[in-house]
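Note sheet for the following structure.
The values are calculated or read from the model by the stated rules, or taken from the named source; none is laboratory data. The structure displayed is predicted, hence computed values, not measured ones. Counting neighbours? That spans all protein chains shown, and the Cβs are built from the backbone with ideal geometry, glycine included.
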Amino acid sequence: MANGIEEFKRLLTEFRGLSVWAVGAGVAVPFVAAMTDLSPPWPPAIVPVTAVIELLSLVLVFQFLKTSKRRVINWILSVSVALFVTTGLIYLLGLSLYTYEVPTTKERFVKGYECTSEAKAIFGEHCPDLGLDELRTAEYEADRLWTRKSIAFTRSIIVFVWLLVFAELSFALGSFLVYQMRTKRRATSGPARTGRSRSDRET
């Protein structure tokens, strides 16, 4: 019988298989590497950080749900999918409202929610909803228009929601795979046990 580590490796293999099926071959990190255009502008190492969150989520699923009944798995799966869709929409909204791309370099940065005193004096009631026209006057430097505290807070919220999206995705797919692997294992081990019992009776 395979030990827990081997079973968890199988779970990782199945999880990666689903990511390849969903976003194509050559995905280095499940679901994430193919979505770098949608990833937060900060921090630069968001892809490996997301991979760690995915791994931890799968560990939790494997540890606590590997023997759960179908009713529990169905509930976890339903809630995870609902939260994934809701949080994903919130993330896309935040990405649209609070990030911008520099036209010349195609680099992306995060906006803030509170203007600096200088920006308030210049742009007045337009603060803090400033766009590329205002950013052009500040040479596309966010901290010249928004306070550093508000930029840092916005960065943190965007990253948190992004990681939450992938944690929910991992919970949904992980719970599905754990149950399917267990069902498959029972189906394949059943005839073997029956065969051994018949052999024992014949001897």
Problem set entry | Cβ-Cβ under 6 Å pairs, at least 6 apart or on other chains, the stretch 156-170 side assigned to a helix (DSSP H, G or I) and aromatic (Phe, Trp, Tyr), far side surrounded by fewer than 22 Cβ atoms within 10 Å (Cβ to Cβ) and at pLDDT below 95 | PHE166/ILE53
For this session: Considering only residues that are assigned to a helix (DSSP H, G or I) and among the β-branched types (Val, Ile, Thr), look in the stretch 56-73 and name the one that is surrounded by the most Cβ atoms within 10 Å (Cβ to Cβ).
Result: VAL61
For this session: Would you mind finding the one in ALA28, ALA45 that is of a type outside the set (Val, Ile, Thr) and modelled with pLDDT of 70 or more?
Result: ALA45
Exercise. So which pairs qualify, if the first residue must be in the stretch 126-142 and at positive phi, the second must be part of a loop (DSSP other than H, G, I, E, B), the Cβ gap must be under 8 Å, and the two must be at least 6 apart or on different chains?
Worked result: TYR140/VAL102
For this session: For the stretch 98-120, enumerate the residues that are among the acidic types (Asp, Glu), under 22 Å from ILE158 (Cα atoms) and not in a loop (DSSP other than H, G, I, E, B).
Result: GLU101
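Residues are listed down the side, and each one gets a yes or a no for (1) in a loop (DSSP other than H, G, I, E, B); (2) touching a His at 6+ places or on another chain (Cβ under 9 Å); (3) farther than 18 Å from PHE160 by Cβ; (4) among the aromatic types (Phe, Trp, Tyr):
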| site | (1), (2), (3), (4) |
| --- | --- |
| PRO41 | yes, no, no, no |
| GLU54 | no, no, no, no |
| TRP75 | no, no, yes, yes |
| VAL79 | no, no, yes, no |
| THR87 | no, no, no, no |
| TYR91 | no, no, no, yes |
| SER96 | no, no, no, no |
| ILE122 | no, no, yes, no |
For this session: Could you check how many residues of the stretch 126-136 are more than 11 Å from TYR100 (Cβ to Cβ) and either of a type in the set (A, V, I, L, M) or surrounded by 14 or more Cβ atoms within 10 Å (Cβ to Cβ) (or both)?
Result: 3
Seminar exercise, completed: Expected output for the stretch 101-122 (first residue within 12 Å of LEU135 (Cα to Cα) and of a type in the set (Val, Ile, Thr), partner modelled with pLDDT of 95 or more and assigned to a loop (DSSP other than H, G, I, E, B), Cβ below 6 Å, 6+ apart or cross-chain) is VAL102/TYR140
